[in-house]
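The values are calculated or read from the model by the stated rules, or taken from the named source; none is laboratory data. Keep in mind the model is a prediction, meaning the values are calculated, not measured. Note that each Cβ is placed from the backbone with ideal geometry, even for glycine, and that neighbours are counted across all protein chains shown. Only protein heavy atoms, including side chains, enter the accessible area calculation; ligands, DNA and RNA are left aside. Shrake-Rupley method; radii C 1.70, N 1.55, O 1.52, S 1.80 Å.
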Amino acid sequence: MERNERIAPAMIASLGENEIFVFGSNLAGMHGGGAARTAHQKFGAEWGVGVGMTGRCYAIPTMHGGVDKIKPYVDEFIEFAKAHGEYRFLVTRIGCGIAGFRDEDIAPLFRDALTVENIYLPGSFIEVLSR
């Protein structure tokens, strides 16, 4: 599948069959705002689960330090997605809201996701990665 065909919707209000909402969380799994709140309220993300699969979601912690602290969790997500081809992972602009990062900070962490057919990245991340 072409890279540009795998763009996650800017606003995800519902999920299709086998779609997973990938959002930025905190390690404590307190989903009080932003995409984490949406994950909790709409897609079953469990309170207290800040990493990995939860409900119809996948949590990637972004509130505990710099990009170097986020990278291992993104790498873990990419490996998880590779192992679970039955799902379609819709990645939000993790870290680019409440956590305060820019697309230019976070997008490079997802470079390896460009070749994973079931990962759909935000258009802004793909734009950064295409430069």
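Summary of computed values
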quantity: Antiparallel %, DSSP beta bridges [both residues in the chain], to 5; calculated: 20
quantity: Hz values of 3J(HN,Hα) by residue in segment 80-87 - Karplus curve (6.51, -1.76, 1.60), Gly and Pro given as x; calculated: 4, 4, 4, 7, 10, x, 6, 10
quantity: Dipole axis of the chain (+1 Lys, Arg; -1 Asp, Glu on Cβ), positive-most option in G85, I126, F23; calculated: F23
quantity: Global form of segment 58-131, assessed from the alpha-carbon gyration tensor, a/c cut-off 1.5; calculated: oblate
quantity: Relative contact order (%) - criterion: Cα under 8 Å, at least six apart; region: segment 55-131; calculated: 32
quantity: Whole-Å semi-axes of the ellipsoid equivalent to segment 1-74 (Cα gyration tensor, √5λ, descending); calculated: 20, 17, 10
quantity: Alpha-carbon centroids, segment 25-63 and segment 81-131: separation in whole Å; calculated: 17
quantity: Relative contact order (%) - criterion: Cα under 8 Å, at least six apart; region: the chain; calculated: 29
quantity: For segment 101-116, Karplus couplings with θ = phi - 60° (6.51, -1.76, 1.60), whole Hz, Gly/Pro x; calculated: 7, 9, 3, 5, 7, 8, 3, x, 5, 9, 3, 5, 6, 4, 9, 9
quantity: The chain, helix-only ellipticity at 222 nm - DSSP H runs n ≥ 4, -39,500 (n - 2.57), divided by all residues, nearest 500; calculated: -8500 deg cm²/dmol
quantity: Accessible area (Å², per residue) of the chain, counting only protein heavy atoms and a probe of 1.4 Å; calculated: 50
quantity: Loop-resident sites, segment 16-59, for GluC sites (Glu not before Pro), counting at most 14 other Cβ within 10 Å (DSSP); calculated: E17
quantity: Qualifying aspartates and glutamates (Cα of each under 20 Å from Cα of K82; at least 8 residues distant if same chain); calculated: E2, E5, E17, E19, D112, E117
